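Structure record follows, encoded as structure tokens.
The values are calculated or read from the model by the stated rules, or taken from the named source; none is laboratory data. Source: prediction; values computed, not measured. Backbone-built Cβ (ideal geometry, glycine too); neighbour counts: all protein chains shown. Side chains are part of the model used for accessible areas, which takes the heavy atoms of the whole protein and leaves out ligands, DNA and RNA. Shrake-Rupley method; radii C 1.70, N 1.55, O 1.52, S 1.80 Å.
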Amino acid sequence: MFTCLILGAFCRKKIASTRFRWKIDNFSNVDSEELYSDIFEIRFILSVINQTDSAKTVKRETDHEFTASWRSWGFQEMLSLDRLNSFDEGFLVNDTIIVEEPNQEEAAKGSSSFAEFDTLFADIHQKLLKGKTFENETSSNSQRRLPSAEELSHAKKVLTECFSVNFANVMLNRRRKLELKNALSITCHVFSDSEKMAIEMTKFVADFDQICKQYVSAQDDLEEAKEMENSVGKLKTTLKQLYDEFIPVRDRSEEVEQEIVNLEKQLRERKAEKARLKNDLEVLAGRASTSKQALIGAEQSMKLFMPEKELAKKLIDYIEKSWESFKSLFSNVLR
């Protein structure tokens, strides 16, 4: 968003003694942030003409000499847009501003020690040529300028448009805000017959900039409060979601904890069973060891007893054979 008048000009060729005056019509409809004139030669003295009081004309100048191979982008700031658009300042008349660049001779005069005399007699010369009257400029400049019919009509149009929308729409449009302030300044003259109305409007215009700042500040505060409320709402929503997620997780945690308790109980039982089984195994192992030693002793004894076993077998075999012989012999006797 721009806040000041930026003027630029291009230098292409020298023009020895021509005054260049740039008239910008329908200024309120200009949307560009920068304005550029037709090509003209400058020693770079630019003036924004005050159309009601020449003493208030704003001039910017430099000693730089421009050539055909170099171009200038003008001055970064001539005057603020608030001041430029103000009806009472006198720069904007009938929605027109005038930017002037003097020729080299006038520029030289303006920078000489006789500049004030040159200005005086140049003005006298111009008025004599144009047949104008020599009014008392001091007294006329001290009087408030009355708006023209065109300015008044435009002011009413601006007020009508601004009154048809809410205040925020006007504040968000910097150009519309400046137009509204200017229109209010103009209409103050129309209601000058109504003292109460004039006082109210004059006070509103005087406080307009402060009102705008307060409004913007209040809007910023509301926006900040809205962001805070949105942040609080989002946090509440997040907390609700977290709570909704917490319940099933909490329930499952209890289930798992109970499962762990049961498993730990089972583990203790299994460990006790394992201890009992281990004890049984130790008993069985002791008995097995004893039996094993007994078996070893028995096998050794049996091995040592083998000759007696063989002798016993032979003795039994002899006796059985003897018995059979005895039975056979006795049987024959019995017949």
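THR237 exposes around 70 Å² of accessible area when a 1.4 Å probe is run over every protein chain in place. The 3J(HN,Hα) values that the Karplus relation (6.51, -1.76, 1.60; θ = phi - 60°) gives for region 228-243 are, in residue order, 5, 4, 4, 5, 5, x, 5, 5, 4, 4, 4, 5, 4, 4, 5, 5 Hz. Gly and Pro appear as x. Using a probe of 1.4 Å, the accessible surface attributed to THR238 totals some 60 Å² when neighbouring protein chains are kept in position. Using R0 = 30 Å, the C-beta based FRET efficiency linking GLU77 and ALA55 works out to 0.90.
What translational diffusion coefficient, to the nearest whole µm²/s, does region 142-182 have by Stokes-Einstein, given a Kirkwood radius computed over alpha-carbon pairs, a temperature of 4 °C and 1.567 mPa s viscosity? Translational D for this selection: 117 µm²/s. Taken over the alpha carbons of region 231-270 as equal point scatterers, the Debye sum produces base-10 log I(q)/I(0) values at 0.15, 0.27, 0.29 Å⁻¹ of -0.52, -0.81, -0.85.
Here the extension length gained between LYS313 and LYS265 equals 10.7 nm, from 0.36 nm per residue of separation less the Cα-Cα distance. For the peptides 326-333, 275-282, residues were scored by their other Cβ atoms within 10 Å and the scores averaged per peptide; the highest-first order is 275-282, 326-333. Per-residue SASA remark: LYS271, around 130 Å² accessible (1.4 Å probe; ligands, DNA and RNA not included). Each of LYS240 and ARG276 was given a label point 7 Å from its Cα along the Cα-to-Cβ line. The distance between the two points is 5.8 nm. Placing +1 on each Lys and Arg Cβ and -1 on each Asp and Glu Cβ, with no other charges, gives region 259-328 a dipole about its Cα centre of roughly 160 debye.
Please give the charge dipole size of region 218-282, origin at the Cα centre, charges +1 on K and R Cβ atoms and -1 on D and E Cβ atoms. Round to the nearest 20 debye. Write down the numbers at each step before the final one.
Values: 13 positive and 18 negative charges, 158 e Å.
The calculation lands at about 760 debye.
Measuring between alpha carbons in the structure, the pairs from LYS23/LYS203; LYS157/LYS196; LYS177/LYS234; LYS23/LYS213; LYS157/LYS226 lying more than 28 angstrom apart are LYS23/LYS203; LYS177/LYS234; LYS23/LYS213; LYS157/LYS226.
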